[in-house]
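Everything on this sheet refers to the single structure shown next.
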Amino acid sequence: MHHGFRIAMVLLIAIAVPRLFPRTLLPEFENIVPGRVAEETINAGFDFDVAKNPARLQAEQEEAEEGAAPRLRFEPSRADSSIQRAHAFFDELDAVISAVANQSVEEQLDADDARSLLRDEIDEVARESDITSLTDEMIDYLAGAEERDALRNEIASAFDQLRQGVIRGNDLADIASPNVVIREAETGNERVRAAGEIVRLGTFYRAVQDSVGEALPPEGISLFQQLIFQAQPTLRIDQDATRQARELARATVPQFSGVVLAGERIITQNEIVSPDDHLRLLSYQAELIDRGMAGRGTGFLHSLGMVLIVAGVLGIFTYATYRVRRGIYEDLRSLAVLLGVIFLALAAAGAVAATQSSPVLVPIALASLLVAALFDSLLSLVVVTVIIGILIGQPYFAGLATPIVTVAGGVAAAFAARRIRTRAQNWILIVLIFGSYTVAGVCLTLTGHYTVTDLGVTALAGLANATVCTVLAMGALLPLMEVFTGRTTEQSLLELGDMNRPLLRRLSREAPGTYSHSINLANLVEAACEAIGANSLLGRVGVYYHDIGKLERPHFFIENQPKGLNPHDRLTPWQSAEILRDHVRHGLRLAEEARLPEVIRDFIREHHGTQTIQYFLEKARKEGGNLDPSDFTYAGPRPQTRETGIAMLGDAVEAASRLLQNPSPERIRALIDRLVQERIDHGELDDCSLTFRELRIAKREFAHVLTGLYHHRVDYPAPASRREAAGGGDSGRPS
């Protein structure tokens, strides 16, 4: 039943959509086949290209593909890597042998013990470098300085030959082309080279082994062989570039064998239809279908085909949502909104087709705006693609114009919707959508698909569409869908970020220290989220409310305490820890009473994760007795999103920075590094998707904001009147 409801929605829409669009009677050419006498004369109504015979086209394309030279990628840096690994191995050997020698002198080991110790150390270093087949002779060989230098030089010289280009033999096994194209990874330059001239890795192994036959003794050659097998080929097949080259070669094959001009005869009555005549007729029929002027099957089979097409497109979309956006798929209301928005746009498109109106009037921007505001721009683009994919299957919307203008309006709305944060900015949204329609119309005019009159109609219809879609989406439908789905949009976050909200006003009056902390933390989190591409508005608003639970007992938190008055001095560590832990529970209760959305409650429950209240835990340990660490641990959960993860880090950093005696930039950065590393070590960030790169950026932004907050201020001299009143005269002493 869980999946059944979703499948049922898809099928209902698929059955309904074909009925929304008018049907077109289409000419039939089934009775005209090669070898028969034509019963009518058919003349071309317009110019069109004649497609090649499919078998001939396929043969030419395959021939072009086979002739495309494979692409190899030349990476000389791999040779450097092989040389560096070899040098690292010998450097490690030198260090170990030197250390063993010093240890033997310091501990006065006899010769046998020193030799045994040296053998063990050399063997361990060799095994770390994947050299496992060691004999006593090989170990003795590696113990000698001159022998090691000789082996090092031979290995480096062998690896240096990799820079000439070496490839695995298997990579060239399937290459039939006599030539290959080699692309320099560093410069991007390309050169053509005969495939037979490329050095295989096996050939390289044999060549370098033959070259050291007289330079090294047998045990040295054995070591050389094991080390040389670690060489990395510097040439490899570039599958993507090869595929692109073959696709390009295939695409360059002309698909047409000729042109039929308007008025030219295609089929002559009472004459036998030749294969070439039939091929020209099929090309003419295909062009009629592309122009929405012809087709087949307007009965049951046609309707069934359209139902299957729509069901297939929506089925793929739903399955993709299941695989990529599982949360939306599991939330039946959210999925219903997505499918409903698609159906709404298609229903309006059916009305446009029925009235023979401009395709610009299809409200693609409405669907795009709603999805982008409720979910995200990427999902909005997918919805736009689904709608266009279904539209171009309808005869009225066949051709190039419909996808061009609908893509223009839909894409502009998808990317602009996430940036609209005030009602005044809705006019910017209208202008952007209108401008996209106009630019699309200009492009179609330049390519000859539109006349100047069509361009004017497109501009006017685009302005009307942009205005109506924006007003409906942002003013009427979006708030309703937000309530229906329970999702929080940026407009709602802006309302929650109003500092005159009751909870925030209470926080400023009853817990001013916590309020100040939240404001400073909001600056930290917003800067970090903006830098890593997370939702900075959600981060700022979320931390406004993260500590509202402290309103229950504000004086028990240090930022709200007068100097020297700490009520925790009269409590046991267990009681103090319980009070601190309870501010999360109280915050969730206040959030529920205020009907704050779930994304804001996440900041309340996750900003401490499962951290330990270390101060009171240590205090309890000093007092002795039975101790349960869970009494001093927050209930969690750990941060689940990037925004709550940044909030946890910023919360610790902002609070700790207040205690710095001399908040210099260096001390601030050191403090940030320590606090962030502690939370990484304790696994507090394991459940969110923050990467190490994003953490590095966040730490940089934290340091930048805190350095600005605690920057040194110049001491200005007091006014002369104040100095004289204080008895300072004109000493110039700063106040």
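The values are calculated or read from the model by the stated rules, or taken from the named source; none is laboratory data. What you see is a predicted model; the values in this text were computed from it and never measured. Note that we place each Cβ from the backbone using ideal geometry, even for glycine, and neighbour counts take in every protein chain shown. For accessibility, only protein heavy atoms count, side chains too; no ligands or nucleic acids. Shrake-Rupley method; radii C 1.70, N 1.55, O 1.52, S 1.80 Å.
When a/c is below 1.5 the answer is rounded, else prolate if a/b is larger than b/c, else oblate, so apply that to the stretch 1-95 with a ≥ b ≥ c taken from the square roots of the Cα gyration tensor eigenvalues. Walk me through the numbers before you get to the answer.
Values: a/c = 5.20, a/b = 1.81, b/c = 2.87.
Oblate shape, in that a/c is at least 1.5 and b/c is the bigger or equal ratio.
Select from Ala51, Phe229, Leu432 the residue farthest towards the positive end of the dipole of the chain; place +1 on Cβ of Lys and Arg, -1 on Cβ of Asp and Glu, and compute about the Cα centre.
Leu432
Give me the Debye-computed log₁₀ of I(q)/I(0) at q = 0.14, 0.24, 0.28 Å⁻¹ for the stretch 447-505, equal point scatterers on Cα only, no solvent, two decimals.
Log-scaled intensity ratios, in q order: -0.62, -0.96, -1.07.
Would you mind finding the longest exposed-site-free stretch of the chain, with exposed chymotrypsin sites (Phe, Trp or Tyr not before Pro) meaning DSSP loop and at most 15 other Cβ atoms within 10 Å? Working shown, then result.
Numbers: sites that count: Phe46, Phe229.
It works out to 230-735.
Using a 10 angstrom Cβ neighbour count of at most 13 plus a DSSP loop assignment to flag exposed GluC sites (Glu not before Pro), which longest range of the chain is free of such sites?
My reading of the result: 272-735 is the longest stretch.
Given 5 Å bins starting at zero, what is the percent of C-alpha pairs of the stretch 405-483 in each, up to the one with the largest pair distance?
Taking all Cα pairs of the stretch 405-483, the binned fractions are 3, 17, 24, 23, 15, 9, 6, 3, 1, 0 percent.
Which value in deg cm²/dmol, rounded to the nearest 500, describes the helix-derived mean residue ellipticity at 222 nm for the chain, given -39,500 (n - 2.57) per DSSP H run of n ≥ 4 and division by the residue count? Please list the in-between numbers first.
Details: 30 runs with 445 residues, N = 735.
One gets -20000 deg cm²/dmol as the mean residue ellipticity at 222 nm.
Can you tally the net charge around Leu588? Count Lys and Arg as +1, Asp and Glu as -1, for every other residue whose Cβ sits under 15 Å from the Cβ of Leu588.
Residues close to Leu588 contribute a combined charge of -1.
At 10 °C and 1.306 mPa s, grab the translational diffusion coefficient of the chain from Stokes-Einstein with a Kirkwood Rh over Cα pairs, rounded to a whole number in µm² per second.
Result for D is 47 µm²/s.
Tell me which aspartates and glutamates have Cα within less than 16 Å of Lys619's Cα, excluding those fewer than 8 residues away on the same chain?
Within the straight-line limit of under 16 Å, Lys619 reaches these aspartates and glutamates: Asp569, Glu578, Asp628, Asp631.
So for the stretch 563-605, what are the equivalent ellipsoid semi-axes in whole Å, largest first, each being the square root of 5 times an eigenvalue of the Cα gyration tensor?
Ellipsoid semi-axes (Å, largest first): 28, 10, 8.
What figure, in Å² to the nearest 10, do you get for the accessible area of Cys688 with a 1.4 Å probe and non-protein molecules left out?
20
With every protein chain left in place, what is the accessible area of Arg589 in Å² (1.4 Å probe, nearest 10)?
90
List the trypsin sites (Lys or Arg not before Pro) within the stretch 1-107 that DSSP assigns to loop and that have no more than 14 neighbouring Cβ atoms inside 10 Å. Write down the numbers at each step before the final one.
Numbers: sites: Arg6, Arg19, Arg23, Arg36, Lys52, Arg56, Arg71, Arg73, Arg78, Arg85; in loops: Arg23, Arg36, Lys52.
In loop regions of the stretch 1-107 (DSSP not H, G, I, E or B), the sparsely surrounded trypsin sites (Lys or Arg not before Pro) are Arg36.
On alpha carbon coordinates alone, what is the Rg over Rh value for the stretch 501-563, Rh being the Kirkwood radius?
Across the stretch 501-563, the Cα-based Rg/Rh ratio is 1.04.
Calculate, axis by axis, the spread of Cα positions in the stretch 323-451 along the three principal axes, and write the results as whole Å, longest axis first.
Projected onto the principal axes, the Cα atoms of the stretch 323-451 cover 46, 35, 25 Å.
Viscosity 1.002 mPa s, temperature 20 °C: Stokes-Einstein D of the stretch 313-369 from its Kirkwood Cα radius, in µm² per second?
On the way: Rh = 12.4 Å.
Diffusion coefficient, whole number: 173 µm²/s.
Would you give the gap between the C-alpha center of the stretch 326-367 and the C-alpha center of the stretch 542-590, rounded to a whole Å?
First find each Cα centre; the distance between them is then 50 Å.
Using a cut-off of 17 Å between alpha-carbon atoms, which lysines can reach Lys52, once sequence neighbours fewer than 8 places away in the same chain are excluded?
Of all the lysines, none pass the test against Lys52 - Cα under 17 Å, at least 8 places apart if same chain.
Run through all the Cα pairs of the stretch 535-592 and give the fraction in each 10 Å bin from 0, expressed as whole percent.
Computed distribution, short to long bins: 22, 44, 26, 8, 0.
In debye, nearest 20: dipole of the chain around its Cα centre with unit charges on the Cβ of K, R (+) and D, E (-)?
The calculation lands at about 4340 debye.
In the chain, what % of DSSP beta bridges are antiparallel (nearest 5)?
Expressed as a percentage, antiparallel bridges in the chain total about 70.
Below 13 angstrom from the Cβ of Leu201, what's the summed charge of the other residues (Lys, Arg +1; Asp, Glu -1)?
Result for the local shell: +4.
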